[in-house]
Amino acid sequence: MPTDISGIKNQSPVYENVDLFGSDCALQEAVAANGMEEAAVLSEFGRRWGSAEMLEQARLANDNAPKLRAFDARGDRSDVVEFHPAYHGFMAESIAAGLHASTWRPDASPADAPAEVARAARYYMVAQVENGHMCPITMTRAAVAALATEPALAATLLPKILSREYDSRFVPLAEKRGITLGMGMTEKQGGTDVRANSTRADRVGDSYRLAGHKWFMSAPMCDAFLVLAQARDGLTCFLLPRFRPDGSVNALHFQRLKDKLGNRSNASTEVEFVDAFALRVGEEGKGIRTILKMVQLTRLDCVISSAGIMRAALARAIFHCGHRSVFGKHLFDQPMMRAVLADLALESEGAVALTMRLCRAFDDAKKSASEAAWARLMTPAAKYWICKTAPDFVYEAMECLGGNGYVEENTLARLFREAPVNAIWEGSGNVMCLDVLRVAKHHSDEVRGVLADLAHNAADLPGASATATTVERMLETGGEAEARIAVELVARLAAAACLKASGPEIVAAAFARARLSDVRRGMWGTVALADGERDLLLKRALQTS
Ligand SMILES: Cc1cc2nc3c(=O)[nH]c(=O)nc-3n(C[C@H](O)[C@H](O)[C@H](O)COP(=O)(O)OP(=O)(O)OC[C@H]3O[C@@H](n4cnc5c(N)ncnc54)[C@H](O)[C@@H]3O)c2cc1C
């Protein structure tokens, strides 16, 4: 039992200097099963990001929220947002690791497999440490998918996007050694229904002038933003840089920063465009189609991020319970606590197995129609299930630490505040379910194929084939009122099949029994697991070298 010089006993040590890869058996298996073999490299990354230094920097970045400097001392507009040096440090680390661009080639085509899985493994570990800076990292990598529709523009920007150097200077694109990109779709009158966007785009020669606003535009110090605005032929996607071609600051007038529940190291602005200079991306009137290429990738990152947040909470809960004694026994050895921790571990196993399999579908989509179908169906389904599970999951993990979980020093409080945003942005829960229904309607043969594959791959797992049949019926005839349960079931079925492919059979079988066949609608810790299953899940959950 660790003690300090004041004689205090029974407080768990600080959770730091952990190998976020080496301690995570489920992650190791999931990345290996999906084509990524570089365990040593990932372990080095995991040690760096799990170091005490990085965890302290994450605290600093979130305790020192960004500040808007809308005007200078003379009253002229400056429209800059200042971030704490710790935030810049995370940007530099993530960009050096390629998280903002490693899945692209210089011609804006996707990099070869396992680029997605390799990036996702790192992103999953970063999500366990600092989430705010991942917003521009995600948007930068996703923006390339939309920019690819405008090859000449992409060719000028790609060298700076692919750069591994973070250049935080507020200077024009041409002077930058590396750039980041953001996104502006949501307006006051609507975020989901972007057709209601009121920002106007007037053509002036080869460029446009944008007049209007965005109600949420995050990471405002990005060098340019992909935004939607109404042009003559309808809603259109534009590249809106922070500087005009003549080097003057473009007319993005930041009104204020959002006072957010979490994601506090990152800034989200309300912004007005006052005849701001912009370039068209894709055809006029095809804005939604163009920007959806980007949104599909930001949704994938929401999935990875939420799975990472769950893992961070689980690891801390298990670690604490392994050191804290109550009634003469470690919490970890108390039967009821074991039931709670094992249930959380089971959910986390399913989440990471599904996440990495989904990334493989993105890796292989360009060569395989069935993998493209997998990605199309499972991106909204996984975003729905994993991102909506995370807040409740983190809350239960927090309670495992008792009062210590509720205070800031133990990180669970920050993870708890962070957890809901991935479900809300980039298409909220219901919108994900509507997307699954849309896919089922317009790609019904594909969806039947994916469900048949899942049923086949999970065939001998409890409840798998019955679930596949139920989901197929619900997606065909159930309509919106049944969509949430259909989507949840398809995500769980997929997670069971993925676990079977990546981990021990006993884990997949326990997951399928608890989440597909013997489903109990209780709190965490109420699922029927055998002692041996709990023992294995807990042994796997936090490995020490
Ligand atoms: C921290 C933060 C940062 C953000 N950063 C950005 C950014 O950088 N760029 C950007 O463009 N946006 C950003 N957003 C905005 C975000 O993407 C939107 O809030 C989100 O898309 C939802 O839009 P809305 O807020 O207008 O909600 P609404 O569209 O009004 O939706 C409200 C609720 O209704 C549900 N709903 C919608 N349609 C239906 C339906 N047909 N049936 C049933 N339910 C439905 C939705 O699921 C949601 O739960 C950010 C948001 C947050 C919280």
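The values are calculated or read from the model by the stated rules, or taken from the named source; none is laboratory data. Everything numeric in this text was worked out from a predicted model, so none of it was measured. Here Cβ is always computed from backbone atoms with ideal geometry, including for glycine, and neighbour counts include all displayed protein chains.
Going by the structure shown, is A466 modelled with pLDDT of 95 or more, among the hydrophobic types (A, V, I, L, M, F, W, C), within 16 Å of the ligand (Cβ to nearest atom) and not in a loop (DSSP other than H, G, I, E, B)? Judged against the criteria, A466 is not a match. Among the residues of the range 254-268, is there at least one that is more than 9 Å from the ligand (Cβ to nearest atom), closer than 21 Å to V171 by Cα and crowded, with 17+ Cβ neighbours inside 10 Å? The answer is yes; a qualifying residue exists.
Scanning the range 167-211 for residues that are among the aromatic types (F, W, Y) and either within 16 Å of the ligand (Cβ to nearest atom) or buried (at least 20 other Cβ atoms within 10 Å of the Cβ) (or both) yields a total of 1. Looking at the range 223-236, which of the residues that are within 17 Å of P136 (Cα to Cα) and more than 9 Å from the ligand (Cβ to nearest atom) is surrounded by the most Cβ atoms within 10 Å (Cβ to Cβ)? Ranking the qualifying residues of the range 223-236, first place goes to L226. Residue-level check: of (1) of a type outside the set (V, I, T); (2) buried (at least 20 other Cβ atoms within 10 Å of the Cβ); (3) more than 18 Å from M310 (Cα to Cα); (4) within 15 Å of the ligand (Cβ to nearest atom), G479 misses just (2). Residues in the range 282-291 include at least one that is crowded, with 19+ Cβ neighbours inside 10 Å, away from the ligand (no atom under 16 Å from the Cβ) and within 19 Å of M139 (Cβ to Cβ). Tell me which residues, restricted to the range 90-110, are within 12 Å of A145 (Cα to Cα) and of a type outside the set (D, E, K, R). Selection gives A101, T103, W104, A108, S109, P110.
Is it the case that some residue within the range 486-498 is more than 16 Å from the ligand (Cβ to nearest atom), touching a residue at least 40 places away in the same chain (Cβ under 8 Å) and part of a loop (DSSP other than H, G, I, E, B)? For the range 486-498, residues more than 16 Å from the ligand (Cβ to nearest atom), touching a residue at least 40 places away in the same chain (Cβ under 8 Å) and part of a loop (DSSP other than H, G, I, E, B): absent.
Set side by side, the residues R360, R311, R299, R316 differ, and just one is farther than 24 Å from Q543 by Cβ, in contact (Cβ under 8 Å) with a residue 24 or more places away in the chain and surrounded by 20 or more Cβ atoms within 10 Å (Cβ to Cβ), which is R299. Of note, R280 does not satisfy the criterion of being assigned to a helix (DSSP H, G or I) and among the basic types (K, R). The residues of the range 192-228 that are closer than 19 Å to F243 by Cβ, aliphatic (A, V, I, L, M) and assigned to a strand (DSSP E or B), listed by number, are A201, V204, L210, A211, M217, A224, L226, V227. Residues that are among the hydroxyl-bearing types (S, T, Y) and touching a helix residue (DSSP H, G or I) at 6+ places or on another chain (Cβ under 8 Å) within the range 211-263 comprise S218, T236, listed in sequence order.
Taking the condition touching a residue at least 12 places away in the same chain (Cβ under 8 Å), farther than 21 Å from A373 by Cα and buried (at least 24 other Cβ atoms within 10 Å of the Cβ), does A397 pass? So A397 passes the test.
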